[in-house]
Amino acid sequence: MKKTALYDEHLKAKGRMVEFAGWQLPVMYSSIIEEHNAVRNTAGLFDVSHMGEFRMTGKDAVKELQKLVPTDLNKCKLHMGMYTCFTNESGGVIDDLFVFKYSEDDLYLVVNAGTREKDFQWLSENIKGDVKLEDISDDTAKIDIQGPLAKKILQEVLNKSKIDELNRFYFYTDSFDGVEVMVSQTGYTGELGYELYINNDKASKLWNEILEAGKSHGLIPAGLGARDTLRLEAAYSLYGHELSDEISPVESGIGWLISSKESFPGEEIIRQHKAEGGPRKLIAIELTGRGVPREGYEVKGKNGIVGALTSGAFGPTVKKGIALALVHDKNLKVGDTVNVIIRSKDVEAQVVKRPFYEYNG
């Protein structure tokens, strides 16, 4: 089982450690609801060092990556990040990722922990020309600070003016204790937030300095449990749930990122789905009856089972059971009533507009 560079810090903070994607990570420190609410009201600090980081350099880097993603990389300006995905020939999603553009010949890719090896192999097999591909994951720590007070807290630790000038989805690099740190205004919680990439050797120092700076502002460490309820309220897709090798980007609710004018794997199927709709679609559901929705629970429409939940939980901010579901009834629309089958019982629910919680930047 792998451990991040911050493993000892989690033990000191009495984090409850669990296995996730082959890593020992904190699911919570105090409670999921307390940590969730801290991110919504003040700020939370996350260790996301299990994520994978690749570097693509060389004059053909952008051109070669463009062949593998359905998003127009020309729209990604210098020192900007862009959300996209790798697609396969059957139109499914190999992984979703963020691409940060240092320059036209220097790209920084952030991929999911569970697909890191698969992604690296996929890239290695498919990129050609003048491109050097490096997996720098094992040397890199990723620390996320998220919440309304994230900016104020981070300005006490890093360059105040640079953070003040940083816009959403952009990044900059600076020095922290003699090493480079990359700071992006991005996140996975629906709140203003920053993601920091730094060498493992300096991760604990950066983590502790942020915690100390945020102590008087209500900052607390937060685990995987709160990260999941936060992203669900924001209706962000999670690989292995809303995204998979068998689900197209359109079906999974991220069809908006299909903007490339070039060919890419599964192009014909994916473009057809975008034009006509896929055989399935992702919907958002709020329970009106009693119960907590969970992944895998079936969804029943007027004429029987129409699909299943891909993610579900009690939403601490919206204070109700919420879920995302992949359904094959394309006629279902916002306002329609459905039932979620919980422990063999039909629990009434309503189809609602995504997201459950609007981005609060």
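The values are calculated or read from the model by the stated rules, or taken from the named source; none is laboratory data. In this text, all values refer to a predicted model and were calculated from it rather than measured experimentally. Cβ coordinates were reconstructed from backbone atoms using ideal geometry, including for glycine residues, and neighbour counts include every protein chain displayed.
Okay, residues lined up against (1) aromatic (Phe, Trp, Tyr); (2) under 20 Å from the mean Cα position of the chain (by Cα); (3) closer than 23 Å to Ser124 by Cβ:
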{"position": "Met56", "(1), (2), (3)": "no, no, yes"}
{"position": "Gln66", "(1), (2), (3)": "no, no, yes"}
{"position": "Cys76", "(1), (2), (3)": "no, yes, yes"}
{"position": "His79", "(1), (2), (3)": "no, yes, no"}
{"position": "Cys85", "(1), (2), (3)": "no, yes, yes"}
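Could you list all residues from segment 227-284 that are assigned to a strand (DSSP E or B) and over 21 Å from Phe314 (Cβ atoms)? Working first, answer last.
From segment 227-284, those assigned to a strand (DSSP E or B) are 239, 243-244, 247, 281-284; that's our starting set.
If the condition is that a residue be assigned to a strand (DSSP E or B) and over 21 Å from Phe314 (Cβ atoms), then Tyr239, Leu243, Ser244, Ile247, Lys281 are the ones that fit.
If you scan segment 64-92, which residues turn out to be surrounded by fewer than 17 Cβ atoms within 10 Å (Cβ to Cβ), of a type in the set (D, E, K, R) and farther than 12 Å from Ser259 by Cα?
Answer for segment 64-92, where residues must be surrounded by fewer than 17 Cβ atoms within 10 Å (Cβ to Cβ), of a type in the set (D, E, K, R) and farther than 12 Å from Ser259 by Cα: Lys67, Lys77, Glu89.
Would it be correct to say that Tyr359 is more than 30 Å from Val62 (Cβ to Cβ), under 25 Å from the mean Cα position of the chain (by Cα) and either touching a residue at least 60 places away in the same chain (Cβ under 8 Å) or outside the structural domain of Thr189 (by TED's automatic domain parsing) (or both)?
Answer is no for this residue.
Among the residues in segment 56-74, are any farther than 30 Å from Gly92 by Cβ and not assigned by TED's automatic domain parsing to the domain that holds Asn167?
Checking segment 56-74: at least one residue is farther than 30 Å from Gly92 by Cβ and not assigned by TED's automatic domain parsing to the domain that holds Asn167.
Among the residues of segment 14-29, is there at least one that is among the polar types (S, T, N, Q) and out of contact with any Pro (no Cβ under 9 Å at 6 or more places or on another chain)?
yes
Considering only residues of segment 125-153 that are of a type in the set (Lys, Arg) and touching a strand residue (DSSP E or B) at 6+ places or on another chain (Cβ under 7 Å), which is surrounded by the fewest Cβ atoms within 10 Å (Cβ to Cβ)? Show your work before the answer.
Of segment 125-153, the ones of a type in the set (Lys, Arg) are 128, 132, 142, 151-152.
Retained after the next criterion (residues that are touching a strand residue (DSSP E or B) at 6+ places or on another chain (Cβ under 7 Å)): 132, 142.
On the way: Lys132: 12, Lys142: 23.
By that ranking, first place goes to Lys132.
Just for segment 205-235: of the residues that are closer than 17 Å to Ala13 by Cα, under 15 Å from the mean Cα position of the chain (by Cα) and aliphatic (A, V, I, L, M), which one is surrounded by the most Cβ atoms within 10 Å (Cβ to Cβ)?
Ranking the qualifying residues of segment 205-235, first place goes to Ala226.
Across segment 106-121, which residue is surrounded by the most Cβ atoms within 10 Å (Cβ to Cβ) among those that are in contact with an Asp or Glu (Cβ under 8 Å, 6 or more places away or on another chain) and not aromatic (Phe, Trp, Tyr)?
Restricting to residues being in contact with an Asp or Glu (Cβ under 8 Å, 6 or more places away or on another chain) and not aromatic (Phe, Trp, Tyr), the top hit is Val111.
Say we look at segment 306-315 and pick out the residues that are in contact (Cβ under 8 Å) with a residue 24 or more places away in the chain and of a type in the set (A, V, I, L, M); which of these is surrounded by the fewest Cβ atoms within 10 Å (Cβ to Cβ)?
Our first condition is that a residue be in contact (Cβ under 8 Å) with a residue 24 or more places away in the chain; within segment 306-315, this holds for 306-307, 309-315.
Adding the requirement that they be of a type in the set (A, V, I, L, M) leaves 306, 309, 313.
On the way: Val306: 22, Leu309: 25, Ala313: 20.
Ranking the qualifying residues of segment 306-315, first place goes to Ala313.
Give just the number: which of (1) buried (at least 19 other Cβ atoms within 10 Å of the Cβ); (2) hydrophobic (A, V, I, L, M, F, W, C); (3) free of Cβ contacts under 8 Å to residues at least 24 places away in the same chain does Leu11 not satisfy?
Against the list (1) buried (at least 19 other Cβ atoms within 10 Å of the Cβ); (2) hydrophobic (A, V, I, L, M, F, W, C); (3) free of Cβ contacts under 8 Å to residues at least 24 places away in the same chain, Leu11 comes up short only on (1).
Rundown of residues vs (1) in the same structural domain as Asn208 (by TED's automatic domain parsing); (2) among the basic types (Lys, Arg); (3) in contact with a Lys or Arg (Cβ under 8 Å, 6 or more places away or on another chain), yes/no style:
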site: Val111; (1), (2), (3): no, no, no
site: Thr115; (1), (2), (3): no, no, no
site: Gln121; (1), (2), (3): no, no, no
site: Glu125; (1), (2), (3): no, no, no
site: Lys142; (1), (2), (3): yes, yes, no
site: Ala150; (1), (2), (3): yes, no, no
site: Asn159; (1), (2), (3): yes, no, no
site: Asp177; (1), (2), (3): yes, no, yes
site: Thr189; (1), (2), (3): yes, no, yes
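If only one of Glu267, Glu242, Glu251, Glu295 is modelled with pLDDT of 95 or more and assigned by TED's automatic domain parsing to the domain that holds Val318, which one is it?
Only one candidate qualifies: Glu295.
Looking at Arg354, Arg343, Arg271, can you tell me which residue is closer than 30 Å to Val39 by Cβ and either among the β-branched types (Val, Ile, Thr) or surrounded by fewer than 20 Cβ atoms within 10 Å (Cβ to Cβ) (or both)? Even if it seems obvious, please write down each step before you answer.
Numbers: Arg343 fails: closer than 30 Å to Val39 by Cβ; Arg271 fails: closer than 30 Å to Val39 by Cβ.
Testing whether each residue is closer than 30 Å to Val39 by Cβ and either among the β-branched types (Val, Ile, Thr) or surrounded by fewer than 20 Cβ atoms within 10 Å (Cβ to Cβ) (or both) leaves just Arg354.
Considering only residues that are among the acidic types (Asp, Glu) and either touching a Ser or Thr at 6+ places or on another chain (Cβ under 8 Å) or closer than 20 Å to Gly296 by Cα (or both), which ones fall in segment 328-343? Break it down into steps so the answer makes sense when it comes.
Narrowing segment 328-343 to residues among the acidic types (Asp, Glu): 329, 336.
Passing the criteria: only Asp329.
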